[in-house]
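Below is one structure, written out as structure tokens; comments come after it.
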Amino acid sequence: MTATDLSALSDLLAGPVVPAARGLLGCRLGGHGVTVRITEVEAYAGTAGDPASHAHRGRTPRNAVMFGPAGHAYVYFTYGMHWCVNVVTGPDGEAAAVLLRAGEVVDGLDVARERRPAVRKDVDLARGPARLCAALGIDRSVYGADLLGDGPVRLRPPVAPVPEAAVTAGPRVGVTGAHDVPWRFWIAGDPTVSAYRRHVPRTRR
């Protein structure tokens, strides 16, 4: 990787969230002895009319890092048991982020297996946002980290770009608002991509 490659990734993340999301496919996220190749992502546009975003109602202590700078990590806890990691995108002050939904473990396979001993197939080690964080050992300590720097968790450009024809778009997963917006992007045919489950609102009896 050259400084030019990293600069190009930085420029991509500083732009609109949807192109940034597509461009993150194939990138590598490394942390705590494991590296994954990103195969599935989801874009969230913050306060710009996206009710599915954590920043839709404005800045809070939880989502503050989403307001910039780009390239930093937004980590949150969900369902009282799982961590999820996002890459902040866009200009400072305009909250947006890309959820990293799935990846292929390309380095540190034994470490990932130790962290997820119940997993039978290697393609499932980082298949889904919570599993990806578990495989990489990501938790609250990574919140706000500069992923383009030299910290314990690092985001780097792909070894080879993912061809546009190999990228598929579809509705987002598990959100109550704007779940049909086609801002989930994945590498077509990749076995590590998570299964799609359309959100079904709960009804009161």
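The values are calculated or read from the model by the stated rules, or taken from the named source; none is laboratory data. Model, not experiment: these values are computed from the prediction. A quick note on method: Cβ atoms are made from the backbone with ideal geometry, for glycine too, and the neighbour counts reach across all protein chains shown. These area figures cover heavy atoms from the full protein model, side chains too; ligands, DNA and RNA do not enter into them. Shrake-Rupley method; radii C 1.70, N 1.55, O 1.52, S 1.80 Å.
So the values come out like this:
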| item | result |
| --- | --- |
| Evaluation of SER53 against (1) outside any helix (DSSP H, G or I); (2) modelled with pLDDT of 95 or more (one fails), failing number | (2) |
| Residue list for the stretch 19-41, filter: open to solvent by less than 10 Å² (accessible area, probe 1.4 Å) and either part of a helix (DSSP H, G or I) or among the hydroxyl-bearing types (Ser, Thr, Tyr) (or both) | ALA20, ALA21, LEU24, THR39 |
| When residues of the stretch 111-134 are limited to those that are out of contact with any Leu (no Cβ under 7 Å at 6 or more places or on another chain) and open to solvent by less than 20 Å² (accessible area, probe 1.4 Å), the one nearest to ALA73 (Cα to Cα) | CYS133 |
| Of residues in the stretch 135-171 being open to solvent by 40 Å² or more (accessible area, probe 1.4 Å), among the hydrophobic types (A, V, I, L, M, F, W, C) and not in a loop (DSSP other than H, G, I, E, B), the one nearest to HIS82 (Cα to Cα) | ALA169 |
| Positions within the stretch 78-122 being on the phi > 0 side of the Ramachandran plot and in contact with a helix residue (DSSP H, G or I) (Cβ under 7 Å, 6 or more places away or on another chain), in sequence order | GLY90, GLY93 |
| Matching residues, the stretch 173-205, being modelled with pLDDT of 70 or more, more than 29 Å from SER7 (Cα to Cα) and not polar (S, T, N, Q) | VAL173, GLY174, VAL175, ALA178, HIS179, ASP180, VAL181, GLY189, PRO191, ALA195, TYR196 |
| Residues of the stretch 57-104 classified as part of a loop (DSSP other than H, G, I, E, B), of a type outside the set (Gly, Ala, Ser), over 22 Å from SER194 (Cβ atoms) and open to solvent by less than 10 Å² (accessible area, probe 1.4 Å), total | 1 |
| Residue match in the stretch 42-52 (condition: open to solvent by 70 Å² or more (accessible area, probe 1.4 Å) and without any contact (Cβ under 8 Å) to a residue 24 or more places away in the chain) | no |
| Tally of residues being among the hydroxyl-bearing types (Ser, Thr, Tyr) and over 13 Å from the mean Cα position of the chain (by Cα) across the stretch 30-78 | 5 |
| Among (1) open to solvent by less than 40 Å² (accessible area, probe 1.4 Å); (2) in contact with a strand residue (DSSP E or B) (Cβ under 9 Å, 6 or more places away or on another chain), the one test that ALA188 misses | (1) |
| Residue check, ALA118 over 22 Å from LEU6 (Cβ atoms), assigned to a loop (DSSP other than H, G, I, E, B) and of a type in the set (A, V, I, L, M) | yes |
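Conditions tested, residue by residue: (1) among the polar types (S, T, N, Q); (2) at pLDDT 90 or above.
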residue: ILE38; (1), (2): no, yes
residue: THR47; (1), (2): yes, no
residue: GLY58; (1), (2): no, no
residue: PHE67; (1), (2): no, yes
residue: HIS72; (1), (2): no, yes
residue: GLY90; (1), (2): no, yes
residue: ARG120; (1), (2): no, yes
